[in-house]
Amino acid sequence: MCVHYIEAEIVPNTEQDLCTQVEQALAVHGEPLRWAIVEAGSLGEPVRIEAAVLAS
Amino acid sequence: MKALTVLLLIPTGVGAQIGGYAGDGIPVARLLAGVADCLVTHPNVLNGALLSWPLTNTLYVEGYALDRWCALDWWLRPVHRNRVGVVFDAALDTDQRIHHLNAIEAARYTLGVDVFAHCTTEVSLGIEESTSSTGTSWGTVREPGALLRAAERLVAAGAEAIAIVTRCPEGEDEAYLAGCGVDPVGGVEAVISHLVVRHLRIPAAHAPAFDAPVAALAAPRVAAESLGPTFLPCVLAGLSRAPRYVPSGEARSSDLSAAAVDVIVSPADCCGGAGLLHLMNRPEPPVLLAVAENTTRLDVTPERLGLKAQHVRSYLEACGWLVALKQGVHFASGRVAEIR
């Protein structure tokens, strides 16, 4: 078990729940312990996420 | 009359000008607790090293639990008191152990906090601090398993809440100590408590132990950290009455759901956190009061995320807005519409 710091970027689909989109993007790295969107442009542009994830 | 439930968020490790230092969010919490029937906030807001302020209508909720609560996965169950256990990092030196054991006894005998046991990890936890490319702080625990096993032993012995004291790298961040930088330990503190709460679903909070106290005249916003060699007292006070976390399927009608939140109060440029987004994604979201005066290192405004917000200049203005909401006051402008 270890804790990793992850930076990820997604282009949100404004028709879908943003949290679900973020958590799906992070799930490939492990289980998110903490995440936040740290950069966002205008609506529909990419957003950058920082997260601490727990991986086996 | 409908109770007014307010969620106060000041994320840790993002350089918040108010609440990003040493308990300097407490005056804001006191202000908002003066109008809210129930204020929900997190340890970063309420912890001031040796200082804390009892607020009987305020719920002290760890950040991971707060996110799960906002996602409606967990509900909050207020309690009269918790039995608190303390995890000591094996890396603490003899002086640090003595200071923290004294803090425990002081909390027991001076405040009446029910601290029933402490437990030392089998190896040093290996706490590391880092800074991200955006300037926010984060960090990691090299031995998370050792942390969780010590916490498990305390729970097996009857702990209902866990305080964690870890040895942290020397706090030499000059900008932070000058009252203008990012708390270098904030990010790893969140990781430590999140690990324990995720694993055991009980309240937890972290107190760092540094190798040397601040020697110079402290900047006002970090002065609370210069008062002594332990930051444990505020954590014990907060955990002593922290609400329990209940899976939504086991909740009672007396438990508090995040669906009851009427208003979120957040720094205006820091609206991308998980808890806030979960709540604002609800079909009937709460009002988001975005406070301009509390700037952070980020520039994630509600508008950039498509969130509807009520912008206010200051926490005092936010308080006035809450009073108006609670009293049902609407300030009219123009003439009333005529519908034909």
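Considering only segment B:79-98, I want to know if a residue exists there that is surrounded by fewer than 24 Cβ atoms within 10 Å (Cβ to Cβ) and within 14 Å of chain A (Cβ to nearest Cβ). No: zero hits.
Checked against (1) within 14 Å of chain A (Cβ to nearest Cβ); (2) touching a helix residue (DSSP H, G or I) at 6+ places or on another chain (Cβ under 6 Å); (3) of a type in the set (G, A, S), B:G179 meets all criteria but (1). Looking across segment B:67-105, the residues that are among the hydrophobic types (A, V, I, L, M, F, W, C) and without any contact (Cβ under 8 Å) to a residue 24 or more places away in the chain come down to B:I98, B:L101.
Taken over segment B:139-174, the criterion of being within 14 Å of chain A (Cβ to nearest Cβ), surrounded by 24 or more Cβ atoms within 10 Å (Cβ to Cβ) and touching an Asp or Glu at 6+ places or on another chain (Cβ under 7 Å) is satisfied by B:G139, B:T166. Within segment B:43-66, residues that are within 14 Å of another protein chain (Cβ to nearest Cβ) reach partners that are aromatic (F, W, Y) with beta carbons closer than 9 Å, at six or more positions or on different chains, in the pairs B:P43/B:Y60; B:E62/B:Y245; B:A65/B:W74; B:A65/B:Y245. A single entry from B:R297, B:R252, B:R304, B:R340 fulfils the requirement of being in a loop (DSSP other than H, G, I, E, B), over 18 Å from the mean Cα position of the chain (by Cα) and within 14 Å of chain A (Cβ to nearest Cβ): B:R297. Against the test of being within 8 Å of chain B (Cβ to nearest Cβ), buried (at least 20 other Cβ atoms within 10 Å of the Cβ) and either among the β-branched types (V, I, T) or touching a residue at least 12 places away in the same chain (Cβ under 8 Å) (or both), the options A:V22, A:V53 yield a single qualifying residue, A:V22.
Residues are listed down the side, and each one gets a yes or a no for (1) surrounded by 24 or more Cβ atoms within 10 Å (Cβ to Cβ); (2) more than 30 Å from B:A324 (Cβ to Cβ); (3) touching a residue at least 12 places away in the same chain (Cβ under 8 Å):
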| position | (1), (2), (3) |
| --- | --- |
| B:D211 | no, yes, yes |
| B:A242 | yes, yes, yes |
| B:D255 | no, no, yes |
| B:C271 | yes, no, yes |
| B:N281 | no, no, no |
| B:P286 | no, no, yes |
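Could you please find all residues in segment A:26-47 being buried (at least 18 other Cβ atoms within 10 Å of the Cβ) and not in a strand (DSSP E or B)? Those that are buried (at least 18 other Cβ atoms within 10 Å of the Cβ) and not in a strand (DSSP E or B): A:L26, A:G30.
Each value in this text was obtained by applying a stated rule to the coordinates, not by laboratory testing. Model, not experiment: these values are computed from the prediction. Every residue, glycine as well, gets a Cβ built from its backbone with ideal geometry; the counts of neighbours run over all protein chains shown.
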